[in-house]
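> Structure incoming, see below.
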Amino acid sequence: MTLVPTPPTSGPDSLAPVPPGPIHTSLRDRKRLVRAARLLAMAVDFVQWVAVPFFLPGAASPVNDVVDVITAVVLTRLVGWHIAFLPTFVAELIPMVGLFPTWTVAVFFVTRGGNAADKAAKAAASPAQR
């Protein structure tokens, strides 16, 4: 039986599509993405809280729904899918629940401790890289 070399699945020679999920490659990139996700969540909650007269049920409510859909997609792309985003998204569809910072709470919950891969990378990193 002979082994046939297979083309690389990652790297500059790869034509494979990027898998869905978090877009991080290193611990430093992960920290930047978590920071970006937290800032985005806080900004969206703040805007929805300040602009509550515009997001009340009625003609402007679809604008709030579009903001929430875009926020959910971007946060999922930044930190990956987590079940905490589902009740947050559903809660944001209920009028006046937007006064509670649901996106911020969800993102801080999702990013509170990192995942096993992040912990393993941190443990393997040299003191100079920490």
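The values are calculated or read from the model by the stated rules, or taken from the named source; none is laboratory data. Given the structure is predicted, the values throughout are model-derived calculations rather than measurements. So basically every Cβ, Gly included, is an ideal-geometry build from the backbone, and we count neighbours across all protein chains shown. Just so you know, the surface numbers come from the protein's heavy atoms only, side chains and all, with ligands and any DNA or RNA stripped out. Shrake-Rupley method; radii C 1.70, N 1.55, O 1.52, S 1.80 Å.
> When the residues of the range 62-73 are narrowed to those that are at pLDDT 90 or above and open to solvent by 50 Å² or more (accessible area, probe 1.4 Å), which ends up nearest to residue 30 (Cα to Cα)?
For the range 62-73, the residue satisfying everything is 73.
> Suppose we keep only residues that are under 16 Å from residue 47 (Cα atoms) and open to solvent by 70 Å² or more (accessible area, probe 1.4 Å) within the range 74-117. Which one would you say is modelled with the highest pLDDT?
The selected residue is 105.
> Here are some conditions: (1) without any contact (Cβ under 8 Å) to a residue 40 or more places away in the chain; (2) out of contact with any Leu (no Cβ under 7 Å at 6 or more places or on another chain). Residue 81 meets all but one. Which one does it not meet?
It is condition (1) that residue 81 fails.
> Right, next: Among the numbered criteria (1) open to solvent by 50 Å² or more (accessible area, probe 1.4 Å); (2) modelled with pLDDT of 90 or more, which single criterion is violated by residue 122?
(2)
> Going residue by residue through the range 18-27, is there one that turns out to be modelled with pLDDT of 55 or more, open to solvent by less than 80 Å² (accessible area, probe 1.4 Å) and under 21 Å from the mean Cα position of the chain (by Cα)?
Yes, the range 18-27 contains a residue that is modelled with pLDDT of 55 or more, open to solvent by less than 80 Å² (accessible area, probe 1.4 Å) and under 21 Å from the mean Cα position of the chain (by Cα).
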